[in-house]
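J.: One structure is given below, represented as structure tokens, and several questions about it will come after.
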Amino acid sequence: MLRKTFLAAPLAAATALVTLPALACDGFEVHEPYARAAHGMAQSGAAFMIIHNHGTEDCHITGARSDVAQRVELHTHIEDDQGVMRMVEIEEGFALPVDAEVVLERGGDHVMFLGLNRPLEQGAAVEVTFVFADGAEATVEVPVDNERPAGAQSHSHDHSHDHTNDHSNGHSHDHSHGHGDN
Ligand SMILES: [Cu+2]
């Protein structure tokens, strides 16, 4: 009898795991997040970071929100016919398969804040909530750093794999006007 009672709790826990698939991207990890206003008086801004999936399940970021802005979109830059870099919304979001790394960086993919509810003040922080395809959410605190130069993501955290190639900022386009379009 005693033994049976003892087993009941672990069994119940296991059952719960089976019937309620984890609504989470367990391996979701963010490095070096920062946000910045597009300009001093800007009504828009963006957040940048390095996103990893160190879990065992593929994840898919389908959206984001934040109380700092009326609209938050997942953006990237594309080069148009005239060679001008423009921002466009990535409607399909960011795929984040197992072991994937998504780099949100200046001139590339980013989280866009449209219609700021308050200024992005140096040293403050904003919360960005990512929404995954399965309905899970993950909130990240993002410090505001308007002074960070472009391309300054050090990527110095202790991952041993070589990021040299995918992080090279060697392309020569001038992206600096990108966020001014809003
Ligand atoms: Cu943008």
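J.: If R0 is 25 Å, what FRET efficiency do you get for ASP80 and ALA150 from their C-beta distance, rounded to 0.05?
T.: 0.75
J.: In whole angstrom, note down how far apart the Cα centers of the range 132-149 and the range 68-110 are.
T.: Cα centroid to Cα centroid, the span is 14 Å.
J.: Also, quick follow-up: Net charge around PHE48, counting only other residues with Cβ within less than 12 Å of its Cβ (Lys, Arg = +1; Asp, Glu = -1)?
T.: -1
J.: Could you list PHE113, PHE132 in order of exposure, starting from the residue whose Cβ has the fewest other Cβ atoms within 10 Å?
T.: Ranking PHE113, PHE132 by Cβ neighbours within 10 Å, fewest first, gives PHE132, PHE113.
Read-outs throughout are calculated quantities, based only on the coordinates presented, and are distinct from any laboratory measurement. Nothing here was measured: the structure is a model prediction, and the numbers come from that model. Using ideal geometry, Cβ is built from the backbone for each residue, glycine included, and neighbour counts are taken over all protein chains shown.
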